[in-house]
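S.K.: Have a look at this one before I ask anything.
Every number in this text was worked out from the coordinates using simple rules, so none of it is lab data. No experiment lies behind these values; they were computed from the predicted model shown. Positions of Cβ are backbone-derived with ideal geometry, glycine not excepted, and every protein chain shown enters the neighbour counts.
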Amino acid sequence: MFFGSYEYSLDDKGRLTIPSKFRDEISKSLYLLKGFDGCLSVYPENEFQNYISRLTSLEFEKEKVRLHQRILLSSVVELKVDNANRVLIPSKTLKQYGINKDVIIVGVLDHFEIWDNEKWKKYQEMNESSFELDAEAILKNEE
């Protein structure tokens, strides 16, 4: 399970060190894809397969399903974890999604997200004030 947030910097080649707390949860392959709200999502192999299974169960004949699957799956990049626990994020991907050198890695249960530091700060500022009301509404529906 992934949780917490960690500040890192990409090196000049676009390599990112995986937080030490996440290393037991991953193998030598990770899957990077377009996330929500401007981030990149990173899944370990088993959780990526679970996600793909959910996508496979959707009806491709529906326009919104096709759109989602095409956009999402075209963004997938398989990342190999090196011996120094780093992954190389393609420069094309970093540029496409506006991820600069300074990043925040955010654990989100079955995956983690890579946010550009400035985007993450803006996201937090925009959403912090509604956190408690949102939590109340979401958790109330679970009862």
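S.K.: For PHE3 paired with SER53, estimate the spin-label separation in nm (one decimal), with each label point 7 Å from Cα along the Cα-to-Cβ line.
M.R.: 2.4
S.K.: Is the shape of the range 15-81 best called rounded, prolate or oblate, per the rule: a/c under 1.5 gives rounded, else a/b larger than b/c gives prolate, else oblate, with a ≥ b ≥ c the square roots of the Cα gyration tensor eigenvalues? Walk me through the numbers before you get to the answer.
M.R.: Details: a/c = 2.81, a/b = 1.95, b/c = 1.44.
It is prolate, given that a/c is not under 1.5 and a/b is the larger ratio.
S.K.: Could you give the size of the charge dipole of the chain about its Cα centre, using +1 on the Cβ of each K and R and -1 on the Cβ of each D and E, expressed in debye and rounded to the nearest 20?
M.R.: 800
S.K.: Given a cut-off of 28 Å, name the pairs among LYS21/LYS121; LYS119/LYS140; LYS80/LYS101; LYS95/LYS122; LYS21/LYS140; LYS13/LYS122 whose C-alpha atoms lie farther apart than that in the structure shown.
M.R.: LYS119/LYS140; LYS21/LYS140
S.K.: When you count, for each residue, the other Cβ atoms within 10 Å and take the mean per peptide, how do 65-75, 95-105, 109-119 rank with the highest first?
M.R.: Top to bottom by mean Cβ count within 10 Å: 109-119, 95-105, 65-75.
S.K.: Obtain the nm distance between the two label points defined at SER91 and ASN46 by a simple spin-label model: each point lies 7 Å from its Cα along the Cα-to-C-beta direction.
M.R.: Computed distance between label sites SER91 and ASN46 equals 3.7 nm.
S.K.: Just grab the label-to-label distance for ILE138 and ASN100, each label 7 Å out from Cα along the Cβ direction, in nm (one decimal).
M.R.: For ILE138 paired with ASN100, the spin-label model returns 2.8 nm.
S.K.: Add -39500 (n - 2.57) for each DSSP H run of 4 or more in the chain, then divide by its residues: what number comes out at 222 nm, to the nearest 500 deg cm²/dmol?
M.R.: Taking each H run of at least 4 residues, the total per residue is -11000 deg cm²/dmol.
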